[in-house]
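Peer 1: This is the structure, below, for whatever I ask next.
Values quoted throughout were computed directly from the atomic coordinates according to the rules given, and no laboratory measurement underlies them. Keep in mind the model is a prediction, meaning the values are calculated, not measured. We place every Cβ from the backbone using ideal geometry, glycine too, and count neighbours over all the protein chains shown.
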């Protein structure tokens, strides 16, 4: 079975594993205070053009999101998010478990607009009974979004300007940031994010590492005592150098971007395959996530050979499905998919409803 | 610098890393639902002689403790622990952050006695104002304890019998369980713990893995929905097979025990070295943790070459210090220490106060 | 200024205050263990035809909701509520502060249907990634709802049947229950609720008391140790008899219903006044809350003499507003409103848009 | 049965109830925004000589403590308290339920010394592994303490100076503050506390009101958004004027002090009675709490007529018991106790062990 179900199905980039091999018997201080973690912070901050960023490595994304958000918010505050935001949908209530409401905004493409945030915050402060409601304290966005879409530079600048005006920190969940940063259609490089946000995560798990998310505070005041919070949340890895070594491997060179670039090219090929076969997409994406709309019988036919995720059931026996690529997507996987699509039985051809 | 500061300073047993190498490009389902994790559960449950145990793998010990404890307790309940218990001292308030008080009991050796637990619980229920206090809901012990001491079979049986009578689950934190299970002076094997507890963690991080703790519910009713809790707490690893592969390597053979046995022999050698040099110990231990009492000037002298932990400052310029061994402790490290102790300057010899 | 802004603007029914006077110097045990509280429990349980109900008195509604909900839910569970539910809108995130997500359902009239609950729960269990989402653990409804509408017997029976099938407790927030129970158009009496719910609050604050909500567990298993939770949440009143005395005054006779009946008649008069003046209503209600749709200039005109709540701004310079009655609404207040509506300047008459 | 068990056994000072009567039909804004609450704030701030204090009224002490402490602390911080502190013993884990550890200090008389606080905080910051422990974030003391003892001006000044140096807010729980402020042996008046603390509660429940605690922030920065927290915690009373009216009655005159003074005189009489009967005291107190050490058979004899609290069992069949007085303690109660002590059977006389 070939799986396109996600970008965390294989191990890691071979360079990463080699690094773990090379250093295995070395003794280092625990809990992120080793020299590899220190070097990784320097390397990453160079890519971010943010020498003063306060950088911490955590194992996973839900942990990183929950730790950052509950570290920043006061108890009576909530976090603004798109209704499709990962924290609002797929983190098992981690934010609420930390005591905070998620103030959701409906969107069509997973992106929060500056005006929608402004409107929500204005409504709060205009409410006579505002003390009976949750005060907005932070804005959360994902880049790329959960729908595979990308914020442009203009969009993030507008959003950040609004956040600053409203005195709300802006937090970018970059679990898949590599696929935004390496995207030739994006006008934002890694070095730009410090100008449009206060905190960002640079994701490793979905971008070639065994595991690991780097939390980067551009606004260092927000980072104060964050290591206590990491420990309290169970997010401080004993052998912290495992995170340092992995991130160092990604960022001492351009590996983070080059690995993502390959995955993007393979996603382009996926888009081409589905397009040529006559299918449309639920979201227009350029990232490593592809969302074709497929008739359910085609889905069943493809599932004999391939694994992929059902995103949403549609009327008329169709579904939005998600295909993901990563550093480990093989060319032959794509070719087998191409073949399967081409050779699908005649009765699956009249699929446009 | 040679470090005896802890047992999580190096990478992992070479067999573990080899296993990650071998499987690196394989695609597996995420979040612990892969076949390696399934096999690891079977292998571990065989060692525990508990085919029905409900086993879950988490990355770290604080996470495991917090998840288990807050999963079992109701909001108005607290957990009983020795005052020296890891949860009470070194987990940054993780249990309280989950909403629960730790009901501590003073001990001399880190071990909870059945009678002390009985007394605390009796006092609660005898209190007219008990609803104004925290209800005991769970008992937490560590094996080996944070002082390096071991519960005997009799002690754990008595404790467990008391817990059952009091309708309190008993949870054993086995972050270093290997060093108890492989200890020839212990009368408890891995297969015994299911008879003396309801939940146990089988620690990997300090016993040869890169990371990983296995939470084993012998009482399956306590495990209900635990995967939700793991996810909510940020403790469900995306590439869950990394945990499965590591635990499988430990438990498909006797590696868990043989690796620990080596470390114990090296700890015996440490005990011998300090003894021969004329020093006594703060706790009589047989485990991989050794607690000599050293004059502070000897400490300073040794620290030029070796790293180790200060456990407690004592009067008269002495300290309890901790030396740990692990799978990666090299014979030459021990020989260098032997040499350093032997060749210490004359003025450090009159050390008995 | 005459206020129709809510039903908690005055003190309390004179009988209640008289009772406090009469007993003022008496000494009683604290924390709800006095004989008045005991008698009040018996009196109330008689009205509820539920001699076995486990009844507890708390000071306020937000406290009662938060305590009940977090007492029943396990940490990974959430509570299902209409999007307009008080807990979802006007309790400042109290439920989330207790660690739980509110799983909201959109409605047009504030009422949850059995089918909507079934659909939400089905979707959860059908979700392959359900452990990454919040598990439904409880259903919350308000009677009357926040829109002033009422569930019929059939509706609550259907909802409760669904809840039982799904193994979800059903909790009714009866902050204004008197106005449902005394409503001649309702086919549910106080004695019926035990057949259609597991827990209900019988509200006092908005129904004639100085303060007080009675939490009544029909399913006693859910009530276990609730007094600990009350204390922990700061909801156990030291002079608990104040709650007992107040509820005893309401329920040793029919005062709860007769006082509400008067308020309902006054609300009928309000509906008549607005209707005669040519206005329509946002929700068709029979309860003590009236929601006329008024042009904003009429609102401004009325506000010179009367206070009332703006519920929702509408297009074309109109608003939904809320007028409430209570035991303390005076006939002359209604007459002044009648006069104000009749004598409104000519230019305010062409108001139908 | 005559009860000396506590100071919250009766209703309230008659003036308070009269005030509720007089205003019962008046309509006021809810949630503490009425003019009585405003006037009460002014009146109280005058007594405190703190015109800028930010004052909020809550119903009960546990609620007030929990709201203040969790409002001030960040998630990774804990609160320092004497081991006997009310929050550490008798609030059912409310502080931990809010996520915070209580960092307790042993004392002999319930009072925290400046040096003990300094030592605890120094130890935290000197700890190499401090991020694995809970950071001290606030200091909590009670005045009078739970042992009935009083801080002197010097003691509180020293403690506050230390707190300021350590950048820790100092919070005084004044649940029984009246009995400190009215105590002729105390060198602290109400107007002094603003110089020795950042936040204080001025207790009503145990000092003559039906209920009510006033939280007074002398450092207004700590008060920011406190009303949100009150609402979220279920601590914002709908008919907030009930709190305003009660505190206004206490503080528009000297009623708070004069009522307490009477209670103190009655406590003096209690002390005299026990002394004359040959008994000693567990704590030397001048406040309204008296802690005689009584043989258990005398306790049993007295309990036929009187209720009082057992504080602590002692060896040799003796106990520390607590007798409380309040505004409602009647002279004849004291006389009956005097009689009972005098006329106790001969066999109870040889009580000194």
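Peer 1: Which of D:314, D:48, D:138 moves the most in a Gaussian network model of chain D with Cα springs under 10 Å?
Peer 2: D:314
Peer 1: Per residue of A:22-31, what is the mean number of Cβ atoms on other protein chains within 10 angstrom of that residue's Cβ?
Peer 2: 6
Peer 1: Looking at chain D only, what percent of DSSP beta bridges run antiparallel? Nearest 5 please.
Peer 2: 55 percent
Peer 1: Please work out the Cα center distance from region C:81-143 to region A:62-113, rounded to the nearest Å.
Peer 2: Using only Cα atoms, the two centres lie 17 Å from each other.
Peer 1: In region B:155-254, how does Rg compare with the Kirkwood Rh, expressed as the Rg/Rh ratio over alpha carbon atoms?
Peer 2: Radius of gyration relative to Kirkwood radius: 0.99.
Peer 1: Run the paramagnetic zone check for residue C:280: 7 angstrom along Cα to Cβ, then residues of region C:315-339 with backbone nitrogen under 19 Å.
Peer 2: It comes to C:315-323, nothing else.
Peer 1: Just to be sure I understand: with springs between alpha-carbon atoms less than 10 Å apart, which residue in D:154, D:127, D:198 has the highest mean-square fluctuation in the Gaussian network model of chain D?
Peer 2: Evaluated over chain D, the most mobile residue of the options is D:127.
Peer 1: Quick check on chain C: helices-only [θ] at 222 nm, where DSSP H runs of length 4 and up contribute -39,500 (n - 2.57) each and the sum goes over total residues. Nearest 500, please.
Peer 2: Result for chain C, helices only: -11000 deg cm²/dmol.
Peer 1: Relative to the other copies, what are the label-point distances for residue D:187, with labels 7 Å from Cα along the C-beta vector, expressed in nm at one decimal and sorted shortest first?
Peer 2: Computed spacing set for this position: 6.4, 7.2, 7.7 nm.
Peer 1: Okay, moving on. Taking Cα centroids, how far is region B:154-197 from region C:164-216 in Å?
Peer 2: 49 Å
Peer 1: Next up: Could you give the radius of gyration (one decimal) and Dmax (whole number) of the Cα atoms in region D:74-124, in Å?
Peer 2: Answer for region D:74-124, Rg first and Dmax second: 11.2, 30 Å.
Peer 1: Ok, one more. Peptide C:84-94: average number of partner chain Cβ atoms within 10 Å per residue?
Peer 2: That works out to 5 on average.
Peer 1: Convex hull volume of the Cα atoms in chain D, per residue, in Å³?
Peer 2: Expressed per residue, the convex hull around the Cα atoms of chain D is 137 Å³.
Peer 1: Given a 10 angstrom Cα cut-off, can you work out which residue in D:164, D:143, D:289 is the most mobile in a GNM of chain D?
Peer 2: Among D:164, D:143, D:289, the largest GNM mean-square fluctuation belongs to D:164.
Peer 1: Label-to-label distances across copies for residue B:347, with labels 7 Å out along Cα→Cβ, in nm, shortest first?
Peer 2: Spacings between copies for this position, smallest first, are 7.5, 9.6, 10.1 nm.
Peer 1: Let me ask something else. Take the alpha carbon atoms of region D:276-292, find their center, do the same for region C:275-335, and report the distance between the two centers in whole angstrom.
Peer 2: Here the answer is 62 Å between Cα centres.
Peer 1: Take D:185, B:286 and order them by how many other Cβ atoms sit within 10 Å, fewest up front.
Peer 2: With the sparsest Cβ surroundings first, the list reads D:185, B:286.
Peer 1: If you don't mind, another one. Place a label point 7 angstrom from the Cα of residue A:305 along the Cα-to-Cβ direction, then list the residues of region A:1-44 whose backbone nitrogen is under 19 Å away.
Peer 2: Once the point is set 7 Å along Cα→Cβ of residue A:305, A:1-6 turn out to lie under 19 Å by backbone N, inside region A:1-44.
Peer 1: I would also like to ask the following. May I ask you to report, in nm to one decimal and beginning with the shortest, the distances from residue B:296 to the same position in the other copies, taking label points 7 Å along Cα-to-Cβ?
Peer 2: 4.8, 7.4, 7.6
Peer 1: Hey, what does the equivalent ellipsoid look like for region A:237-299, semi-axes from the Cα gyration tensor as sqrt of 5 times each eigenvalue, largest first, whole Å?
Peer 2: 35, 14, 8
Peer 1: Follow-up. Would you list D:161, B:101 from fewest to most Cβ contacts within 10 Å?
Peer 2: Ordered from fewest to most neighbouring Cβ atoms within 10 Å, D:161, B:101 come out as D:161, B:101.
Peer 1: Okay, next question. For region A:103-230, divide the Cα radius of gyration by the Kirkwood radius and give the resulting Rg/Rh value with two decimals.
Peer 2: For region A:103-230, the value is 0.99.
Peer 1: I want the antiparallel fraction of DSSP beta bridges within the protein assembly as shown, as a percent rounded to 5.
Peer 2: 55 percent
Peer 1: What is the ratio of the Cα radius of gyration of region D:231-353 to 2.2 N^0.38 Å, where N is its residue count, to two decimals?
Peer 2: After normalising by residue count via 2.2 N^0.38 Å, the value is 1.35.
Peer 1: Would you mind ranking C:76, A:195, B:124 so that the residue whose beta carbon has the fewest other beta carbons within 10 Å leads the list?
Peer 2: In increasing order of surrounding Cβ atoms, one gets A:195, B:124, C:76.
Peer 1: For the pair residue C:219 and residue B:115, how long in nm is the line joining their label points, each one 7 Å along Cα→Cβ?
Peer 2: Rounded to a tenth, the inter-label distance reads 4.4 nm.
Peer 1: Working from the alpha-carbon coordinates of the protein assembly as shown, get Rg over Rh, Rh being the Kirkwood radius.
Peer 2: 0.98
Peer 1: Across the residues of A:126-136, average count of Cβ atoms on other protein chains within 10 Å?
Peer 2: Going residue by residue through A:126-136 and averaging, the value is 6.
Peer 1: Using square roots of five times the C-alpha gyration tensor eigenvalues, list the equivalent-ellipsoid semi-axes of region C:95-157 in whole Å, biggest first.
Peer 2: They are 24, 15, 9 Å, listed largest first.
Peer 1: Right, here's the next one. I want to check the label-to-label distance for residue D:38 and residue C:153. Put each point 7 Å from Cα in the C-beta direction and report it in nm to one decimal.
Peer 2: 5.0 nm
Peer 1: Something else now. Given the rotation that superposes chain D on chain A, what residue of D brings its beta carbon nearest the axis, and what is the distance in Å?
Peer 2: That would be D:99, 4, residue then distance in Å.
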